[in-house]
1. Hey, got a sec? Which trypsin sites (Lys or Arg not before Pro) in the stretch B:106-179 land in a DSSP loop and have at most 13 other Cβ atoms within 10 Å?
2. Keeping every protein chain in place, order B:R20, B:R266 by accessible area at 1.4 Å, biggest value first, i.e. largest first.
3. What are the extents of the Cα atoms of chain A along their three principal axes, in Å, largest first?
4. Between A:C152 and B:E311, how many nm apart are label points set 7 Å from Cα along the C-beta direction?
5. Counting only the backbone N, which residues of the stretch A:71-90 are under 13 Å from the spot 7 Å out from the Cα of A:Y56 toward its beta-carbon?
6. For B:Q283 and B:E154, what is the calculated FRET efficiency with R₀ set at 35 Å and r taken between the beta-carbons, to the nearest 0.05?
7. Hand me the GluC sites (Glu not before Pro) from the stretch B:274-331 located in a DSSP loop with no more than 15 other Cβ atoms within 10 Å, in residue order please.
8. What aspartates and glutamates could a cross-link reach from B:K232, if we take a straight Cα to Cα line under 14 Å and drop same-chain neighbours fewer than 8 places away?
Amino acid sequence: MSQLELGLPRRTHHFLRVFFVGGLISYRALFYWITPWMYVPTMLAAPLFQILFFVYLGRSAGVGSMAFFVVGNSIQICSMSGIYGMTMAIANERFFQTLSPLLASPANRVALFLGRGLPVLVSGVQTTVFGFLASALILGFRPPANSLPGLCLTVVVTAASCTGFGMALGSFGLRTRDVFLISNIAYFAMLLICGVEVPLQRLPGVLQGLAQVLPLTHGIAAGRLLAGGGPLSRALPDIGLELLVGAFWATAAFLLFLLFEHEGRRSGAFDRL
Amino acid sequence: MPPPAHPGGGAAIEVQDLRRTYRTSTGTFRRHRVDIEAVRGLSLCVPPGQLFGLLGPNGAGKTTTIRVLCTLLLPTSGTVRVLGHDVVREPKAVRRQIGYVFGGDRGLYDRLNAVDNLRYFADLYAIEPRLQRRRIEEVMELVGLRGRERERVEGFSRGMRQRLHLARGLLHDPPVLFFDEPTIGVDPVGAREVRQVVSELARAGKTILLTTHYMFEADSICQRVAVISKGKIVAEGTPQELKSAVAARTVVEVEAYGVPEQTLGRIRELAGVESLAVEVREQSQLLTIQAQEGAQLTARLLQLLEGVRVERVANREPTLEDAYVSLVTSG
């Protein structure tokens, strides 16, 4: 059977190959911080200092509990992988000038694009789990044992949601060469808006509204509830909302990718450094 | 191997009145839009199994044309078909049938080894996993990279990178191949090897469109050549036919130091002079003057160059390069 006459099972098989194997290869090719001497300081050490910084700041200022800052920051640090990892996964194609051969291939765009998110998601989960473990060891943070399954679910969903958002930002890498500027602004804006360091109700109404459609917000709310001993059933609506927000951004990201791919063919902007 | 058939029959590559305009802008606050016409009504037709050369100087529109053919750019107007498939309406069908190889040392995943670079594209082109290893070995052998498969690409020389580009383009065994200046920046030995591979592919029945600005490259491997200048084809034929266009000319080469611009202008105006090309070397300038056959130029040239240090003056037979220079300078 020729390549043009692929049956459905074989098409599905190729889709999955591009999604899983292709996603992993492209992650190794494009994620700057993959080597241990980059990964440990950037994805583990710096986030750990962020957690410690805000916990001690909160303590010395006498605002918020340790759990408030540990849960907020430990969940927030997964966005580093989601936002920067996905930005690299798309924008670095421009840097290596591999966009042309990539887009000249007949590969399924859904598999090509979404497959890149899986390793980023795993990396995000890893960072957050490290944040919680380090907080337990250094700060004595102890969430109730029965909250752990719920917390794990929250972390996976939030990391997925951040990855979807990162995909949307990364798509701009097809359109502009300065995409990391957008990622930097988004990363720090989320630190303020999504209830990581400041309770949502203390923010102006506009920011509170914006926070509802951003990743992290609902995941952090669910995480705090669970870490405070709340039942999973009460956290599920927030976890569901976080999932919806992630699905929204992933869909928007894919549509942006298609739009910018078409726009790049029209304007000739691919591979312009 | 016979040339591949396709639904439309006829030409493998068909370009009709292709136009492509880029819009760019200048200024920071008051943006001023400028339209640049890179390709201006280009038409060409490549039958199956032919090695066709698109020859032209930098900025002539070669890369733009090839990128339209590879579905990476949309034409502003005109019709472009590959194996009967329209590049605008059926890009996916075109992508399955073509291989795209471009020059330069970028365009590869530097942090991956050569095999992983190819494995990734093998998946993108839906090559069966059980066939991938054998196919990768075959193309690595073909381009002379066996033994270096597991090395990271960041340590590759420019020539090795170019060969890896070539391997990637051939991986899915496409019937139509586009080579965009495949030997640019490659050392002479490496460039000769790349040309050998391209020639072998042509002998195997592939349809190939190759862009180059090296005349000898087009002359040595292409069956047919089109000369492109300022976005238009100014001549088309076999290398022999193009050479014959300047066969009845005299070519004089003058190597001199510091020839003023006004003297160059006077040389251009000399009776019988068809074209003048100036190549600046380290210290000197090489003037290549094409004139009508029988024109007695040497004495008049030396008279005009009085006061300028002249290293040598020589007459020689016209080459394809002279045909090319004549075409692109008069276009």
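1. Values: sites: B:R106, B:R111, B:R119, B:R130, B:R133, B:R134, B:R135, B:R146, B:R148, B:R150, B:R152, B:R158, B:R161, B:R163, B:R168; in loops: B:R106, B:R111, B:R146, B:R148, B:R150.
Loop-located and lightly packed - B:R146, B:R150.
2. On the way: B:R20 5, B:R266 115 Å².
These residues rank, largest area first, as B:R266, B:R20.
3. On the principal axes, chain A reaches 65, 40, 39 Å in Cα extent.
4. So the label points at A:C152 and B:E311 sit 7.7 nm apart.
5. Answer for the stretch A:71-90: none.
6. Plugging the Cβ-Cβ distance into 1/(1 + (r/R0)^6) gives 0.40.
7. Working: sites: B:E274, B:E279, B:E282, B:E293, B:E306, B:E311, B:E321; in loops: B:E282, B:E293, B:E306.
Taking the stretch B:274-331 and a limit of 15 other Cβ atoms within 10 Å, the loop GluC sites (Glu not before Pro) found are B:E282, B:E293, B:E306.
8. Result set, ordered by chain and number: B:D17, B:E37.
The values are calculated or read from the model by the stated rules, or taken from the named source; none is laboratory data. From a predicted model like this one, the values you see are computed outputs, not experimental measurements. We place every Cβ from the backbone using ideal geometry, glycine too, and count neighbours over all the protein chains shown. Calculation scope for accessible area: heavy atoms of the full protein, side chains included, ligands and nucleic acids excluded. Shrake-Rupley method; radii C 1.70, N 1.55, O 1.52, S 1.80 Å.
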